[in-house]
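Read the structure below first, then the notes.
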Amino acid sequence: MNMKMKTFIDDFISQANKNPSHVAAMDCHGADTYLNINRKSALLAEKILTLTEGRNARVALLMPRCRDYVTSLIAVIRAGCCAVPLDSEYPAERVKNILKDSGCTLCVTTGALAEKSGEFSKIIFEEALSDDKELNKADLNLNKSEPDKEGLILYTSGSTGKPK
């Protein structure tokens with residue numbers, strides 16, 4: 001019998017379908033339900049797939065650690081891509097070096113942090129999700145993640161600066 005291994009995204013979508021009104025993530029500015037995060041991450045995943053032409057791309061996340069960060073991380077993985085988290089406190093030079101070294105093709109960021117990534121191809125989180133009509137049309141079951149795909153690359157602040 002050939003069984004498909006479940007992924008984190010499979011579990012997230014299942015939870016979102018069972019408990020859409022439950023709080024899934026919160027920060028000091030408020031909370032988001034499973035339904036909201038499911039909609040936002042599905043729409044963002046669709047945009048990522050369009051901009052990366054459906055490849056298993058590496059996508060940087062240059063955002064403060066908040067509920068929008070969680071939504072973006074879910075979107076990257078659900079698009080079947082690999083997330084490369086960047087600390088929003090990093091200086092611009094470090095951000096640019098990591099973007100180059102990691103082979104990222106796209107960066108999800110905020111308007112306030114976009115400048116740190118230089119001329120790099122980017123999605124501004126707030127702008128990407130500003131159209132309510134698009135948000136309501138997002139494929140809530142979109143899931144290109146696979147258990148054997150690259151999912152996350154972490155850079156440490158150690159002496160080499162190389163990913164772990």
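The values are calculated or read from the model by the stated rules, or taken from the named source; none is laboratory data. Only a predicted model underlies this, so the values are computations on that prediction, with no experimental measurement involved. Quick reminder, even Gly has a Cβ in these numbers, built from the backbone with ideal geometry, and neighbours come from all protein chains shown. To get the accessible areas, we keep the full protein, side chains included, count just its heavy atoms, and leave off ligands, DNA and RNA. Shrake-Rupley method; radii C 1.70, N 1.55, O 1.52, S 1.80 Å.
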Need the list of lysines near Lys47 for cross-linking: C-alpha distance under 21 angstrom, and skip anything on the same chain fewer than eight residues off.
Lys122, Lys133, Lys137, Lys144, Lys149
Can you list the aspartates and glutamates whose alpha carbon is less than 18 Å from that of Lys116, not counting same-chain residues fewer than 8 positions off?
Asp87, Glu89, Glu93, Asp101, Glu126, Glu127
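Give the calculated FRET efficiency between Val23 and Asp132 to the nearest 0.05, with a Förster radius of 30 Å applied to their Cβ-Cβ distance.
On the way: r = 21 Å, r/R0 = 0.70.
For Val23 and Asp132, the calculated efficiency is 0.90.
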Using a cut-off of under 12 Å, list every residue of region 116-159 whose amide N is near the label point 7 Å from the Cα of Thr50 along the Cα-to-beta-carbon line.
128-131, 134-135, 138
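What is the dipole size for the chain, taken about its Cα centre, with +1 at each Lys and Arg Cβ and -1 at each Asp and Glu Cβ, in debye to the nearest 20? Intermediate values should be presented prior to the final figure.
Numbers: 22 positive and 22 negative charges, 83 e Å.
Rounded to the nearest 20 debye, it is 400 debye.
Below 8 Å, C-alpha to C-alpha, sequence gap of six or more: please give me the relative contact order for the chain in percent.
Values: 268 pairs, mean separation 41.5, N = 164.
Relative contact order here is 25 percent.
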What are the residues whose amide H is under 5 Å from the amide H of Ala24, where those residues sit 5 or more places off or on another chain and H is modelled from the backbone?
Asp32, Thr33, Tyr34
Specify the longest stretch of the chain that does not include any exposed loop site, a site being one of the GluC sites (Glu not before Pro) with a non-H, G, I, E, B DSSP assignment and at most 15 other Cβ atoms within 10 Å.
1-52
Which value, in Å² and to the nearest 10, is the accessible area of Leu113 when all protein chains are kept and the probe is 1.4 Å?
20
Going by accessible area, probe 1.4 Å, with all protein chains left in place, what is the ranking of Arg94, Arg65, Arg78, largest first?
Arg65, Arg94, Arg78
